[in-house]
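The values are calculated or read from the model by the stated rules, or taken from the named source; none is laboratory data. On a predicted model such as this, the values are computed, not experimentally measured, just so you know. Here the Cβ is made from the backbone with ideal geometry for all residues, glycine too, and neighbour counts use every protein chain on show.
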Amino acid sequence: MTAVAVSHSHDPGPRPTTAQVWARYLENVRAAVAEQDVQGAVRAWHDAYAVAEASRSWEGLIELGDAVLRIGDLAGIRKASEPKARRLYLAAFFRARRDRSLDGALRTAEAFAALGDAVIVEQALTLAATLAESASPEARSRCHDVADRLRGAVRGNG
């Protein structure tokens, strides 16, 4: 019997990260929204959701929440899209807390402020302040500035 060597030398190059993959899907959502294609945007959103959920990052969930609101605006059902966005933002908040991400805490605070949810804004800002204690002076200053802006915005909406 003769051994046959099999070569797998074809190298397709570096594999995209999960974040790069869901970012591509979200770009498809943006393109469909720009074309006012609600069905295409919804299909692209579902594809992006599957990848972002698997990524275990907070960033993808924030982007998905923002995207579902854009789709809701396009379809004329903004209020109906807010609960789904809220669930995505809340999941992003928990992931940011797990990751001890100051950026994640601040970004989720901003997302909830846009929804007018003062309770979760405060929780996210409290997390951000805790995380900022061990961060650079610039990060602490940014956290303070964002907190002031968001608290003012939420009070103005309430």
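Scanning region 123-158 for residues that are without any contact (Cβ under 8 Å) to a residue 12 or more places away in the chain and assigned to a loop (DSSP other than H, G, I, E, B) gives Glu133, Ser134, Ser136.
Of Gly116, Gly104, all but one fail to be surrounded by fewer than 16 Cβ atoms within 10 Å (Cβ to Cβ) and either touching a helix residue (DSSP H, G or I) at 6+ places or on another chain (Cβ under 6 Å) or farther than 18 Å from Glu59 by Cβ (or both); the exception is Gly116. Tell me yes or no: at least one residue of region 65-79 is assigned by TED's automatic domain parsing to the domain that holds Arg151, at pLDDT 95 or above and among the acidic types (Asp, Glu). For region 65-79, residues assigned by TED's automatic domain parsing to the domain that holds Arg151, at pLDDT 95 or above and among the acidic types (Asp, Glu): absent. Screening Ala139 on (1) of a type in the set (A, V, I, L, M, F, W, C); (2) farther than 23 Å from Arg86 by Cβ; (3) modelled with pLDDT of 95 or more shows it passes everything except condition (3).
Filter region 8-46 for residues that are among the polar types (S, T, N, Q) and part of a helix (DSSP H, G or I); which is modelled with the highest pLDDT?
Ranking the candidates gives Gln39 first.
Here Asp148 does not qualify as modelled with pLDDT of 95 or more, out of contact with any Cys (no Cβ under 6 Å at 6 or more places or on another chain) and surrounded by fewer than 20 Cβ atoms within 10 Å (Cβ to Cβ).
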